[in-house]
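Notes follow the structure.
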């Protein structure tokens, strides 16, 4: 399927400032890492067509909203939740304080999201800064047992593709069904309009003066 014929899938990325949200997106899109990435102002919007390595036929256009984590922008953040299908709640694995604040973003998501079906992913960033794997294990133990945490590193690329593959794998089949129905209806209307135009030209040519 080409980019124009695949469904859009809105993803909002949340988390405190400097936890590595933008670097995560940059690594995913360009497979690059910049040590001196500037803080996001308000929000950045990026699109990317992606299919999972597990199921290559399952392909969507990710509509990614990379939101600012600074406190002065927090009043704006809820507007980006609207119609989101998935949320990546990020924290810095090397800073337990940002893990505690991740709970704030989860609560805000529940309070401001209009859809109870929004899929939530907890993303630990900067895993390259963790020397002792036991530290990550301790963080996981503090999570709700129903939550899934991804360990990632924008610097090394660790876990990035697995995260976005999982995100696409989890897209509900209903989204594809609804998209295909809309697409079929659009094609039907386009064909009808084409036939009308052909008939109009035929009639015009038949009765036009020589």
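Could you list, in sequence order, all residues of region 7-39 that are part of a loop (DSSP other than H, G, I, E, B), on the phi > 0 side of the Ramachandran plot and surrounded by 23 or more Cβ atoms within 10 Å (Cβ to Cβ)?
20
Exposed (fewer than 15 other Cβ atoms within 10 Å of the Cβ) and assigned to a loop (DSSP other than H, G, I, E, B): which single residue out of 72, 82 fits that description?
82
Those residues that are more than 18 Å from residue 150 (Cβ to Cβ), touching a helix residue (DSSP H, G or I) at 6+ places or on another chain (Cβ under 8 Å) and in a strand (DSSP E or B), I need them from region 40-59; list them, please. Before the answer, list the steps.
From region 40-59, those more than 18 Å from residue 150 (Cβ to Cβ) are 40-47, 49, 51, 55-59; that's our starting set.
So of that shortlist, the ones also touching a helix residue (DSSP H, G or I) at 6+ places or on another chain (Cβ under 8 Å) come out as 40-44, 46, 49, 51, 55, 58-59.
Hits for region 40-59 are 43, 44, 46, 49, 51, 59.
Take the residues in region 114-153 that are assigned to a loop (DSSP other than H, G, I, E, B) and modelled with pLDDT of 70 or more, then tell me which one is farthest from residue 164 (Cα to Cα).
Within region 114-153, the match that is farthest from residue 164 (Cα to Cα) is 132.
Within region 85-113, track down each residue that is outside any helix (DSSP H, G or I) and more than 30 Å from residue 132 (Cβ to Cβ).
Passing the criteria: 85, 86, 113.
The values are calculated or read from the model by the stated rules, or taken from the named source; none is laboratory data. Note that this is a predicted model, so its numbers are computed, not measured. Quick reminder, even Gly has a Cβ in these numbers, built from the backbone with ideal geometry, and neighbours come from all protein chains shown.
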